[in-house]
Every structure is written in structure tokens, then in C-alpha cells.
Amino acid sequence: MENLRKYGNPPFTVAVIHGGPGAPGEMASVARELYAIRGVLEPLQTKTTLESQVMELKAILEKHGTLPVTLIGFSWGAMLSFIFTARYPRFVKKLILIGSGPYEEKYAEKIIKTRISRLGEKDWENFLALNEALNDPSAKNRDKALCSFGKLMSKADAYDPIPYEEELLECSYDIFKGVWEEASELRIRGKLLQMGNKIKCPVVAIHGDYDPHPFEGVKEPLSRVLKDFRFILLEKCGHKPWVERQAKARFYDLLKDEI
């Protein structure tokens, strides 16, 4: 898989970072919305460790970006962008976090509880089957199971979605498992949040009020460690603001103002 797509013309001053880990392509619609006003890079994460993903992003931005860039990270991509900005502050002019996961472990358990509470009987049965497949080392097609699990969670994550097609290029269970285990350990040990002390650029977090990732887990921890931080809560909005009927327009207005 190629690890970069470009939108618009140079200079490329914005980069959109997808979630997952292991779910490349989902930020394509955001990139297409923004490229009329800024050249946009869409890095695609292909590495199976956190360190190698950080270095892959660094190499892409060094070669193709006009530094410093505005980094727009979604979900896991928000956390990767946070880690990257702490490591390489001179690369980033502004950091925008969309639907980020929480930065302290005490908030994390709420995510799956909220999602499960929104599943109907059929979806619950599907959830159990997919969860079993993902946790079975002997199971085949775990990449396919991860994709199906992601689509099921997207259904639980949305408040009032406009009909849309997932734009994932492929799903990789190996990337998901390898990267997320490392990132989760950083959060459990408190090291993820500590990285915020090294971030010097402005940081803006945009979060839906219906997002199962609790907004308190972003707003409260980051308010303590970041010097220049703003938090924006979108009403009637789930995890992906760009597919939400009642929040999409405001989301894009905010994003365009910030870049």
C-alpha cells in the first residue's frame, strides 16, 4: 500500500491523520473538503509499531510538507499526532484533535460501555462474534473482522449520520494490535499525557457530544498540561463530525477557520 495521497497543489501545509490504528483512507473526504484552500497531505500508516509510525510520518512531512504544518488527527490519529508533536515540535504549527481518544486511562472504560449500550440485539450478537474472532489467534481473516468491527462501532458512534460510504482502503489487524498495545501502555503509565508538556504550538480539540469517547477525557487532562489549548464541543454530533447531518457544516466552518 502506498503511504501518501496528495490533494490540491503545493505548498502542502496541512496533513490529515487517520484513525484505527490500521484504518487508512477514512480522512479522504475531509482532505477533499479542505484542499481548495490549502494543499493537503493524507499520510497512510503502514507500520506495525508506534515508533515506526512516528518515523514514517516524520519522513513524509520532511519530504512532501511545507514545514511547519497544521496536523489534523482523527481518533487514534489524534493521539498519534499528539505523540508526534511532542517528539518533533518544530514540525507542527498547529495541532487539531478530532474525536480523540482519552489521555488518561480512567476515562477509557466508558467507551466500550457506551457503545454496547447502543447496540440492538442483532448488532450485539455480531459484536460478540467479531470480538471472539479478533481475540482468537487461530482465526482467519482477522483483517476482515477488524473492518466489520469498525463498521459496527461507527454505527454505534453516530448521532444522526448522513448516508455515506466508508472510504477505508484496507484494514490491518497486525497494525492495530502492534500499535495500540504500545499506545495503551503509554496511557496506563501516564506517559502519554506527560508528553503534552513538550508541545509548544496551539492545540484545538473538536469533539462531538454524542461521541462515546468521553470528551472529559480530552478536555480535562489536556487543559492541565498544554499552554495554548482550546476545546470545542459540537452538539448533536458523534465520533465523525463530517458525516453528521446536524454538525457537519459547523465542523467544516471551524476547521477552515483554524487552518
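Take the residues in the stretch 81-105 that are in contact (Cβ under 8 Å) with a residue 40 or more places away in the chain and in a helix (DSSP H, G or I), then tell me which one is farthest from Val30 (Cα to Cα). Filtering the stretch 81-105 for residues that are in contact (Cβ under 8 Å) with a residue 40 or more places away in the chain and in a helix (DSSP H, G or I), the one farthest from Val30 (Cα to Cα) comes out as Glu105. Each residue in the stretch 106-159 was checked for being open to solvent by 40 Å² or more (accessible area, probe 1.4 Å), not in a helix (DSSP H, G or I) and not small (Gly, Ala, Ser), and 7 pass.
On inspection, Ala78 passes the criterion of being open to solvent by less than 20 Å² (accessible area, probe 1.4 Å) and either under 24 Å from Gly8 (Cα atoms) or assigned to a helix (DSSP H, G or I) (or both). The set of residues in the stretch 160-181 being in a helix (DSSP H, G or I) and surrounded by 15 or more Cβ atoms within 10 Å (Cβ to Cβ) consists of Tyr173, Ile175, Phe176, Lys177, Gly178, Val179, Trp180.
Would you be able to say whether some residue in the stretch 89-96 is out of contact with any Asp or Glu (no Cβ under 7 Å at 6 or more places or on another chain), under 30 Å from Ile259 (Cβ atoms) and loosely packed, with under 14 Cβ neighbours inside 10 Å? The answer is yes, given that some residue of the stretch 89-96 is out of contact with any Asp or Glu (no Cβ under 7 Å at 6 or more places or on another chain), under 30 Å from Ile259 (Cβ atoms) and loosely packed, with under 14 Cβ neighbours inside 10 Å.
Could you grab me the full set of residues in the stretch 117-128 that are in contact (Cβ under 8 Å) with a residue 12 or more places away in the chain and either closer than 14 Å to Asp211 by Cα or among the aromatic types (Phe, Trp, Tyr) (or both)? Reasoning before the result, please.
Here is the first cut: in the stretch 117-128, the residues in contact (Cβ under 8 Å) with a residue 12 or more places away in the chain are 118-119, 123, 126-127.
The answer is Arg118, Phe127.
The values are calculated or read from the model by the stated rules, or taken from the named source; none is laboratory data. For clarity, every value in this text was computed on a predicted model and none was experimentally measured. Counting neighbours? That spans all protein chains shown, and the Cβs are built from the backbone with ideal geometry, glycine included. Surface areas here come from the heavy atoms of the whole protein model, side chains and all, with no ligands, DNA or RNA. Shrake-Rupley method; radii C 1.70, N 1.55, O 1.52, S 1.80 Å.
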